[in-house]
Amino acid sequence: MAEIILVTGGARSGKSTFAEKLALKLGNGRAAYIATAQIFDTEMARRVEIHKSRRFNNWANYEAPFDADKIFPTVTENVILFDCVTMYLTNWLLTKNLDDEKLFNEFEIFIEKLIAAAEKSCATVIFVSNEVGAGIVPENKLARIFRDLAGLANQKIAAHAEKVFLVIAGLAVDIKKIAERI
């Protein structure tokens with residue numbers, strides 16, 4: 001069974017850079033990268049280029065804005081970096097009817113499918129995800145649902161993870177190691 005690691009933090013906290021370094025360290029200089037972003041404008045294209053510029057030939061790159069669970073069985077590297085859960089969730093959420101009473105049930109299936117695929121792989125899987133619950137309550141329905149689902153996704157992945165790193169100002173702390181167990 002795979003080892004799962006969650007790396008979370010706020011925007012521009014350094015979580016992706018930390019996760020990339022950790023992946024290469026654990027993979028002895030080689031890792032797979034599952035990218036979930038979709039490019040719709042020049043600003044997003046620049047963000048993707050910044051991420052790509054940090055990766056060289058020691059990365060096997062996969063693009064999976066949807067159905068990422070199907071990628072895991074095809075990866076041969078022993079470390080997989082999944083960047084990022086919240087972008088993947090966004091892609092999924094924007095295909096849904098926000099008024100559907102089954103939305104949260106569908107989300108449960110969606111996130112469990114992703115976790116199950118990671119667990120079935122023979123790799124160490126590092127999930128990167130934004131911590132979005134520390135701010136104010138958003139003013140619109142889509143943003144509130146996104147915040148709720150992102151928080152639930154992080155909790156579910158953390159429950160399956162051996163390590164959970166919180167990154168702030170480029171510094172990572174394994175919060176699972178110091179978490180209170182009840």
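The values are calculated or read from the model by the stated rules, or taken from the named source; none is laboratory data. For clarity, every value in this text was computed on a predicted model and none was experimentally measured. Neighbour counts run over all protein chains shown; Cβ positions are idealised from the backbone, glycine included. What goes into the accessible areas is simple: the full protein's heavy atoms, side chains included, and nothing from ligands, DNA or RNA. Shrake-Rupley method; radii C 1.70, N 1.55, O 1.52, S 1.80 Å.
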(request) Determine the percent antiparallel among the DSSP beta bridges restricted to the chain, to the nearest 5. (result) 15
(message) List the residues, sorted by chain then number, that are 5 or more residues from Phe82 or on another chain and whose placed amide H is less than 5 Å from its amide H.
(response) Ile34, Ile126, Phe127, Val128
(request) Starting from the Kirkwood radius over alpha-carbon pairs of the range 58-134, derive D by Stokes-Einstein at 37 °C in a medium of 0.692 mPa s and give it in µm² s⁻¹. (result) 243
(message) Quick check: convex hull of the Cα atoms in the range 125-178, volume per residue, rounded to a whole Å³?
(response) 94
(request) Would you tally the net charge around Ala68, using a Cβ to Cβ cut-off of less than 12 Å, leaving Ala68 out, and scoring K and R as +1, D and E as -1? (result) -2
(request) Please identify, among Tyr62, Tyr88, Tyr33, the residue showing maximal mean-square fluctuation in a Gaussian network model of the chain using a 10 angstrom Cα cutoff. (result) Tyr62
(message) A 32 angstrom limit on the alpha carbon distance is what I want to check against. Which of Lys141/Lys177; Lys25/Lys96; Lys113/Lys141 exceed it?
(response) Lys141/Lys177; Lys25/Lys96
(request) Can you give me the three principal axis dimensions of the range 37-78 from its C-alpha atoms, in Å, biggest first? (result) 32, 24, 9
(message) On C-alpha positions alone, give me the angle between the axis of helix 141-160 and the longest principal axis of the chain, in degrees, nearest 10.
(response) 40
(request) In whole Hz, with x marking every Gly and Pro, tabulate ³J(HN,Hα) for the range 27-41 from phi via Karplus 6.51 cos²θ - 1.76 cosθ + 1.60, θ = phi - 60°. (result) x, 6, x, 9, 7, 9, 10, 9, 9, 10, 6, 10, 9, 10, 8
(request) Mind listing the long-range amide H neighbours of Ala60? Cut-off is under 5 Å, sequence gap 5 or more, other chains count too, H placed in the peptide plane at 1.01 Å from N. (result) Ala31, Ala32, Tyr33
(message) I need the phi-derived Karplus couplings for the range 2-11: 6.51 cos²θ - 1.76 cosθ + 1.60, θ = phi - 60°, integer Hz, Gly and Pro marked x.
(response) 6, 9, 10, 10, 10, 10, 10, x, x, 4
(request) Would you check the accessible area of Phe104, probe 1.4 Å, heavy atoms only, in square angstrom rounded to 10? (result) 80
(request) Rank by packing, highest mean first: peptides 15-24, 70-79, 137-146, 114-123, with packing defined as the count of other Cβ atoms within 10 Å averaged across residues. (result) 15-24, 114-123, 70-79, 137-146
(request) Could I have the simple spin-label model distance between Lys120 and Ala159, label points 7 Å from Cα toward Cβ, reported in nm to one decimal? (result) 2.0
(request) First select every other residue whose beta carbon is under 15 angstrom from the beta carbon of Phe165; then total the charges, Lys and Arg +1, Asp and Glu -1. (result) 0
(request) Sum up the charges of everything whose Cβ sits under 14 Å from the Cβ of Ala45, counting Lys and Arg as +1 and Asp and Glu as -1, but leave Ala45 out. (result) -1
(message) Distance between the C-alpha centers of the range 144-182 and the range 71-98? Whole Å please.
(response) 17
(message) What value in Å³ per residue do you get for the convex hull of the alpha-carbon atoms in the chain?
(response) 132
